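In what follows, a structure is listed as structure tokens, so that the remarks can point back to it.
The values are calculated or read from the model by the stated rules, or taken from the named source; none is laboratory data. Bear in mind that the values here come from a model prediction, so they are computed numbers and not experimental data. Because the Cβ atoms are built from the backbone with ideal geometry, glycine has one as well, and the counts that use them run over all protein chains shown.
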Amino acid sequence: MIKLDNLNIPDLHHELTEAVQYKIDQKAKPLGSLGQMERIAKQVALIQGTLSPQLSKPTMLTIASDHDICEEGVSPCPIEITWQQCLNFLNGGGGIGLFCKEYGFDLKVVDAGVKYDFKPHPNLIDAKVRKGTRNFRHEAAMTIDECLQAINNGKKIVSNLHHEGVNVVGFGEMGIGNTSPASALLSVYTGISANDAVGPGSGLNSDGVIHKGKVIQEAINKHGISEDPIENLARFGGLEIATIAGGMLEAAARKMIIITDGFITTSALLAAYKIDPKVVDYTFFSHQSEEQGHIRMVQHMKGEPILDLGFRLGEGTGAAVAYSIIKGSVAMLNKMTSFEEAEVYNTANESCHTIQS
């Protein structure tokens, strides 16, 4: 098995579980009445090891790459859209540009393998391994060395953010055709068929989806499925997916809050999960994508999406929107008045706060 250097994801601070739950239960509300927000607040507290967690400098990494699997007609969109959208994001445009402004994220665009030479930009991180992955219908998408380089690039980027005081990192992506590597990884990591893993992506019709499934199944038949998760990532993944996976592993090792997005970033989380399952302890599943394979990924990792808004845009948009819920959850834990502070008492029935509203 291929081992990553300096990867040590700690356990959550489970010793605080009862104390955090007690603090939540003392808030001036019926027990459990804030639903998922209580679960989220508790997870953040256990990540940070404190009853008063803080969110610092939330940063969105929208990581981009191109894919030669597009040569097989698995996407209706031209690959030039990848670099054009990256420039759009750098100028504050697109869904992710808007939502990062609205929800307080610092947006960084990462070039992991775009077929374009970008000019330097203060919000662009150059982590290009090569210009796009190879056509994995015929050969491995990446060599092992290229895959490890991408993983380590992601680790380094997140390590640098941590040193800058960031403790919340969202992950998004941009890459025409990248639902194909994501679908392939879903199939090889979970054992479901390629047909059950694929969806329309950026707009395939029903015949296109069937063709996409056949292409992916042929690739899996050709390369086989390894017992090593990194070998599978190299055979079928994308440079942005490998970079995100490395970033997520580093974020967990640094006890940072990870917010994943939709189908593509969750495939990266799935790869990271196969490398070290503890990465999901630090992860918030932002939303439930419309891409059919996404729920299978989430269920495989026993996740619970925060939102279900019919999103399938990618870019990190779901992560940005879901952050507002995470932020509110932490505010509830830290700032919401308790029964004692509010001087709310019921001497006739001291258990009234257990009634569900």
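For the range 190-229, name all the residues that are under 24 Å from residue 62 (Cα atoms) and part of a helix (DSSP H, G or I). Talk me through it step by step, then tell me what you get.
Filtering the range 190-229 for residues under 24 Å from residue 62 (Cα atoms) gives 197-204, 229.
197, 229, listed by residue number.
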Original post:
From the list 123, 167, which residue is of a type in the set (S, T, N, Q) and in contact (Cβ under 8 Å) with a residue 60 or more places away in the chain?
Top reply: 167
**OP:** Determine if the range 201-211 includes at least one residue that is of a type in the set (Gly, Ala, Ser) and either free of Cβ contacts under 8 Å to residues at least 60 places away in the same chain or over 30 Å from residue 108 (Cβ atoms) (or both).
**Re:** yes
Original post:
When the range 295-327 is examined, which residues are found to be surrounded by 23 or more Cβ atoms within 10 Å (Cβ to Cβ), farther than 24 Å from residue 193 by Cα and touching a residue at least 60 places away in the same chain (Cβ under 8 Å)?
Top reply: 306, 315, 316, 317, 319, 320, 322, 323, 326
Subject >> strands (runs of 3 or more DSSP E) enclosed by the range 14-132 - at least 3 residues per element that are surrounded by 15 or more Cβ atoms within 10 Å (Cβ to Cβ) and within 21 Å of the chain's Cα centre (by Cα) >> reply: 59-65, 106-113
**OP:** Would you check if there is a residue in the range 272-294 being among the aliphatic types (A, V, I, L, M), buried (at least 24 other Cβ atoms within 10 Å of the Cβ) and closer than 15 Å to residue 197 by Cα?
**Re:** no
**OP:** Scan the range 236-255 residue by residue and report those that are outside any helix (DSSP H, G or I) and buried (at least 24 other Cβ atoms within 10 Å of the Cβ).
**Re:** 237, 238
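Of the residues 204, 233, which is in the same structural domain as residue 135 (by TED's automatic domain parsing) and out of contact with any Pro (no Cβ under 7 Å at 6 or more places or on another chain)? Show your work before the answer.
Numbers: 204 fails: out of contact with any Pro (no Cβ under 7 Å at 6 or more places or on another chain).
233 is the lone residue from the list that is in the same structural domain as residue 135 (by TED's automatic domain parsing) and out of contact with any Pro (no Cβ under 7 Å at 6 or more places or on another chain).
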